[in-house]
Structure formats: structure tokens, C-alpha cells
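The values are calculated or read from the model by the stated rules, or taken from the named source; none is laboratory data. Note that the structure is predicted; figures quoted are calculated from it, not measured. Glycine also receives a Cβ, built like all others from the backbone with ideal geometry; neighbour counts cover every protein chain displayed.
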Amino acid sequence: MDSNSASAFYIQGNTPLHGSVRAGGAKNASYKLMIASLLASSESRLLNLPNIADVEMVKKIINELGARAYSAGEHTLLIDPQNFRFSHVDNQYGERSRASSLFLPVFLAKFGEAAIPLPGGDQIGKRPLDRHMQGLEKMGVVFSQNDGILEAKIKSNSLHKRLKACNYKFEKNTHTGTETLIMAATLADGKTVLENAALEPEIDDLIAFLNAMGAKIRRRSFRKIEIEGVERLHGAIHRVMPDRNEAVSYACAAIITRGDIVVENALHQDLTAFLEKLDEVGAGYEIGSYGIRFFYKGALQATDIETDIHPGFMTDWQPLFATLLCRCHGESIVHETV
């Protein structure tokens, strides 16, 4: 293997995958939970965090804000917000990740003001902040933009610089927008009602963490969330949910190679749309207390997929399943709608 081997993958094909693998913590929940921990007045412990760039970047930002984030065991992070004292994210992080926007509700709840670089991250489509900002405006926030920096503050006539509760209906479903307004509402004055809110399980993971911290959040009906604001949150211990995309990646790899694997910790209730498509193509799976076993059980048949917001078939699963469809007999149609 040459000197460039560290930056390359060497793959020997034609080998069915067998064995077991444990699904890591969800990327789309992990760093958001880290940011939410800053709403507390005491230390939180987050377990099952994945080793990904967003986690390391948010860890660095938290430390730069005066709080303390440090590792304490494998995939475990302790976050102490007691010296959290700054309300701005450095410009360098805007292009590197879209995580910066999620500091908005935390800064506003803690300090009554915020300054963040406009977020970057992946380039798949546009990720506007309009729906985040419209909801925060109803909570008493005014915005201005200056040289790529989004500045926000609670109106001067707002009582004690505290966010005020509101009723807000999202014009269009938004995962991050729902999380932003949930975090903002936890320490707001009064009861906030969010309608047409997103349904992703990562949002429910955030809700579970915030409720363990002393928040009062509950889903009332389809896409409706109620948040009763509280005066103070405390730290909590929380295990990050397993990554749905990771589980689907392993499952597709096993079936494509005609293998047989167990994905430990995989949660079938978060993979319903994917499992339904496995039934349609004739792939095998078994659900158990251990997670889910995925296996090849015979010739695969073509089917069509159409992506949708949760609980539909995720856009993130589409390229993985499209590869699997190449092994199926017949013609399949993939319709990307998100």
C-alpha cells in the first residue's frame, strides 16, 4: 500500500457481507442536542455521539462561547454551560456547516440577542431561513443583516428581554425550522403552539432531551406541537438515537452483495417506509430486540420509489436504494420530489 493509502479506500468486491454492526448516533440529532444543552444551567451528558465533523465543529464553537464541552468516554460528551457568555458564532463556521442557525434560539433565550454567519453546509437545494425567522419574529425578535452576518435581538419593549410565546403555522414543512422554534419556545413566556411541524424522529429525540431538562413539550395531534415555556432548564443525561441513514446504508449493502447482517440498535419504527420497499422488492429482514437483521433471500423484483418528507421515503435513502434497484429484475422508476 503506497503513501496515499490514508486518503483512499481499497475495496475487494464479490464478497457477501455477513456479521453484525452497531448503528452509531444520528448525525441529524447529535450536534443539535449539543447546542440545545446550552439552554440549561447545569451540565449535561450526551451518550452515543458519532465521530463526525459537525460534532467536532460544534464542540469547538461551544468552547469558544465560554461553555465547556469535553469527551468523557467513548462517544460521550459532557457539556457544562455555566460560563456560557458570548452570543455570536465566528464567521469561519458559516460556510462549513448549516449548524450555525441553530444557535439563534439559544442565544436569544439566554442573552436576548444573537449574531450568526449565514449557514452553509451541503449544496443540495436551498435551505432558506425564512420560516425560522418568521416564527422568531412572532416571538418578539427583530432581524438585520450586515456583510453576511445575521443579527437578531428581542424587541426593547419585550418584558425582561424574554421571548414571548406565539401560535405559528409553518407555510411549508421544515425540519430545522421546527427544531429552532421548539428550542426558542422552551424558555419563552407562555404557551407556544406550532402547526404543520415536522415529524422526523430526530425532532422527537430533541423533544425527549429537552423534556428531561425540565421543558414542557408535547405533540398534541398530527404535526401540532405545544410548548409551555419554563423559567429554567437543568442538565440531563441523554442517549442519542441511532442513525437511520446508517442503518439503511448497511441494509442496502448486505442485500446488494447477497449477504446477511444484523444492524444492532436499528429502530424499525423509524424505517417503516424503507422496510415497505424491501417487502416490494422481495428482500429479507427480521425485527428483534437486538435491532434488525437484513438478508438476501432470492431474486429481487423492480419497484418504484418516490421520496417524501417523514414518514415518507427519505431523500437521503434514494441513492442507496437506487443502487439496490440495479440488482432487481425489471424496470424501476425513482421520483425525487424533495
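Tabulated values for the structure
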{"quantity": "Number of the condition not met by Gly235 [criteria: (1) of a type outside the set (Asp, Glu); (2) part of a loop (DSSP other than H, G, I, E, B); (3) surrounded by fewer than 16 Cβ atoms within 10 Å (Cβ to Cβ)]", "calculated": "(3)"}
{"quantity": "Which listed residue is of a type in the set (Lys, Arg) and closer than 23 Å to Ala115 by Cβ, from Lys172, Lys191, Lys216, Lys138", "calculated": "Lys138"}
{"quantity": "Ala99 surrounded by 15 or more Cβ atoms within 10 Å (Cβ to Cβ), of a type outside the set (Lys, Arg), at pLDDT below 95 and in contact with a helix residue (DSSP H, G or I) (Cβ under 7 Å, 6 or more places away or on another chain)", "calculated": "yes"}
{"quantity": "Qualifying residue in the stretch 240-256 (condition: touching a strand residue (DSSP E or B) at 6+ places or on another chain (Cβ under 9 Å) and farther than 30 Å from Asn14 by Cβ)", "calculated": "yes"}
{"quantity": "Flag if Asp80 is farther than 30 Å from Thr174 by Cβ, of a type in the set (D, E, K, R) and assigned by TED's automatic domain parsing to the domain that holds Ile116", "calculated": "yes"}
{"quantity": "Which numbered condition Ala197 fails, given (1) touching a Ser or Thr at 6+ places or on another chain (Cβ under 8 Å); (2) assigned to a strand (DSSP E or B); (3) within 30 Å of Leu49 (Cα to Cα)", "calculated": "(2)"}
{"quantity": "Single match in Phe84, Phe107, Phe103 (criterion: touching a residue at least 40 places away in the same chain (Cβ under 8 Å) and part of a loop (DSSP other than H, G, I, E, B))", "calculated": "Phe84"}
{"quantity": "Condition broken by Val281, with the remaining ones in (1) farther than 19 Å from Gly330 by Cβ; (2) not assigned by TED's automatic domain parsing to the domain that holds Ala72 satisfied", "calculated": "(1)"}
{"quantity": "The stretch 212-225, residues that are surrounded by 17 or more Cβ atoms within 10 Å (Cβ to Cβ) and either outside any loop (DSSP other than H, G, I, E, B) or touching a Gly at 6+ places or on another chain (Cβ under 6 Å) (or both)", "calculated": "Ile217, Ile225"}
{"quantity": "Of all residues in the stretch 273-325 being assigned to a helix (DSSP H, G or I) and β-branched (Val, Ile, Thr), the one that is nearest to the chain's Cα centre (by Cα)", "calculated": "Thr315"}
{"quantity": "Failed item, numbered, when Glu74 is tested on (1) of a type in the set (D, E, K, R); (2) in a loop (DSSP other than H, G, I, E, B); (3) closer than 25 Å to Ile207 by Cβ", "calculated": "(3)"}
{"quantity": "Filter pass, Gly291 being surrounded by 17 or more Cβ atoms within 10 Å (Cβ to Cβ), assigned by TED's automatic domain parsing to the domain that holds Val263 and at pLDDT 95 or above", "calculated": "yes"}
{"quantity": "Test: residue in the stretch 296-309 that is within 13 Å of Ala23 (Cβ to Cβ) and either in contact with a Cys (Cβ under 6 Å, 6 or more places away or on another chain) or not assigned by TED's automatic domain parsing to the domain that holds Ile79 (or both)", "calculated": "no"}
{"quantity": "Pick from the stretch 37-48, criterion aliphatic (A, V, I, L, M) and part of a helix (DSSP H, G or I), ranking: surrounded by the fewest Cβ atoms within 10 Å (Cβ to Cβ)", "calculated": "Leu38"}
{"quantity": "Yes/no for Ala188 being at pLDDT 95 or above, touching a helix residue (DSSP H, G or I) at 6+ places or on another chain (Cβ under 7 Å), under 30 Å from Arg239 (Cβ atoms) and surrounded by 20 or more Cβ atoms within 10 Å (Cβ to Cβ)", "calculated": "no"}
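Each row is one residue, and each column tells you yes or no for (1) in a helix (DSSP H, G or I); (2) more than 25 Å from Val263 (Cα to Cα); (3) modelled with pLDDT of 95 or more; (4) assigned by TED's automatic domain parsing to the domain that holds Leu199.
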{"residue": "Asp2", "(1), (2), (3), (4)": "no, yes, no, no"}
{"residue": "Gln12", "(1), (2), (3), (4)": "no, no, no, no"}
{"residue": "Ile35", "(1), (2), (3), (4)": "yes, yes, yes, yes"}
{"residue": "Pro50", "(1), (2), (3), (4)": "no, no, yes, yes"}
{"residue": "Lys59", "(1), (2), (3), (4)": "yes, yes, yes, yes"}
{"residue": "Gly66", "(1), (2), (3), (4)": "no, yes, yes, yes"}
